[in-house]
1. Scan the stretch 71-123 for residues that are assigned to a helix (DSSP H, G or I) and either of a type in the set (A, V, I, L, M, F, W, C) or touching a Leu at 6+ places or on another chain (Cβ under 8 Å) (or both) and jot them down.
2. Take residue 26 and tell me if it is part of a loop (DSSP other than H, G, I, E, B) and either farther than 28 Å from residue 126 by Cβ or under 16 Å from the mean Cα position of the chain (by Cα) (or both).
3. Examine the stretch 59-73 for a residue that is loosely packed, with under 14 Cβ neighbours inside 10 Å and among the aromatic types (Phe, Trp, Tyr), and state whether such a residue exists.
4. Looking only at the stretch 134-144, how many residues end up being assigned to a strand (DSSP E or B) and either touching a His at 6+ places or on another chain (Cβ under 7 Å) or surrounded by 12 or more Cβ atoms within 10 Å (Cβ to Cβ) (or both)?
5. Could you tell me whether the stretch 38-58 includes any residue that is under 29 Å from residue 11 (Cβ atoms), of a type in the set (Val, Ile, Thr) and out of contact with any Leu (no Cβ under 8 Å at 6 or more places or on another chain)?
6. Looking at the stretch 1-23, I want the residues that are on the phi < 0 side of the Ramachandran plot and have a partner that is among the hydroxyl-bearing types (Ser, Thr, Tyr) and assigned to a loop (DSSP other than H, G, I, E, B) with Cβ atoms under 8 Å, at least 6 apart or on another chain. Which pairs are those?
7. Considering only residues that are part of a strand (DSSP E or B) and in contact with a helix residue (DSSP H, G or I) (Cβ under 6 Å, 6 or more places away or on another chain), look in the stretch 36-61 and name the one that is farthest from residue 120 (Cα to Cα).
Amino acid sequence: MHIRKMIAEDIEPLYDLISNAQVMEYIEPVYSKEKAEAFLFSAGLSKKPLIYAVEDDGRFIGYVIYHDYDNESIEIGWLLYPEYWNKGFASNLTRMLIEKAFSENKDVVIECHHQQEVSRHIANKFDFIYEGNIDNLDVFRLRR
């Protein structure tokens, strides 16, 4: 498994991912093809990307969130196809992203819907501290 920059050819697998109601349950309404394309260009293909593709054995399996949250912190997250859930991928990605943020001398933040048990579990597993609910999202922080 590895993380890479998004490319224009990621539009089809990205659309498949973010048009999936199961994947988007705690995120936001599913995306149309047009909205997925706009998201790819604004968040994945921008000069300073907010998201990066995740591949396993050369196959797009989802994306990670990695961008500045505030002056001291990087926000991390992940969206994966359901067939990659409960297999350790999210934990491995979290570990990789924490290492990257710490190497940049940054704290790490995870934001999630209060009902998103998997994200809450991972935040707890990596000793993130709950900071509260901001804009209807639970915020967890790991200090370096």
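Taken together, the values in this text are just the output of simple stated rules run on the coordinates, not laboratory data. All of these numbers come straight from a predicted model, not from anything done at the bench. Glycine also receives a Cβ, built like all others from the backbone with ideal geometry; neighbour counts cover every protein chain displayed.
1. Restricting attention to the stretch 71-123, the residues satisfying the condition of being assigned to a helix (DSSP H, G or I) are 82-84, 89-103, 117-123.
89, 90, 93, 96, 97, 98, 101, 102, 118, 122, 123 - these are the residues of the stretch 71-123 that are assigned to a helix (DSSP H, G or I) and either of a type in the set (A, V, I, L, M, F, W, C) or touching a Leu at 6+ places or on another chain (Cβ under 8 Å) (or both).
2. Values: part of a loop (DSSP other than H, G, I, E, B): yes; either farther than 28 Å from residue 126 by Cβ or under 16 Å from the mean Cα position of the chain (by Cα) (or both): yes.
Yes.
3. no
4. Narrowing the stretch 134-144 to residues assigned to a strand (DSSP E or B): 134, 137-142.
From what is left, the residues that are either touching a His at 6+ places or on another chain (Cβ under 7 Å) or surrounded by 12 or more Cβ atoms within 10 Å (Cβ to Cβ) (or both) are 137-142.
The number of residues fulfilling the criteria is 6.
5. The first filter runs over the stretch 38-58 and keeps only residues under 29 Å from residue 11 (Cβ atoms), leaving 38-58.
Imposing the further condition that a residue be of a type in the set (Val, Ile, Thr) reduces the set to 51, 54.
Narrowing the set further to residues that are out of contact with any Leu (no Cβ under 8 Å at 6 or more places or on another chain) leaves 51.
The answer is yes; a qualifying residue exists.
6. That search, which allows pairs on different chains as well, returns 15/31; 16/81; 17/81; 18/31; 19/31; 19/32; 20/81; 23/81.
7. Initial filter on the stretch 36-61 (part of a strand (DSSP E or B)): 51-56, 59-61.
Within this subset, residues satisfying the condition of being in contact with a helix residue (DSSP H, G or I) (Cβ under 6 Å, 6 or more places away or on another chain) are 51, 53, 60-61.
Numbers: 51: 20, 53: 22, 60: 25, 61: 21 Å.
Only one residue tops the list, namely 60.
Here's the yes/no breakdown for (1) within 30 Å of residue 144 (Cβ to Cβ); (2) among the β-branched types (Val, Ile, Thr); (3) in contact with a Lys or Arg (Cβ under 9 Å, 6 or more places away or on another chain):
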position: 34; (1), (2), (3): no, no, no
position: 38; (1), (2), (3): no, no, no
position: 45; (1), (2), (3): yes, no, yes
position: 60; (1), (2), (3): no, no, no
position: 72; (1), (2), (3): yes, no, yes
position: 91; (1), (2), (3): yes, no, yes
position: 94; (1), (2), (3): yes, yes, yes
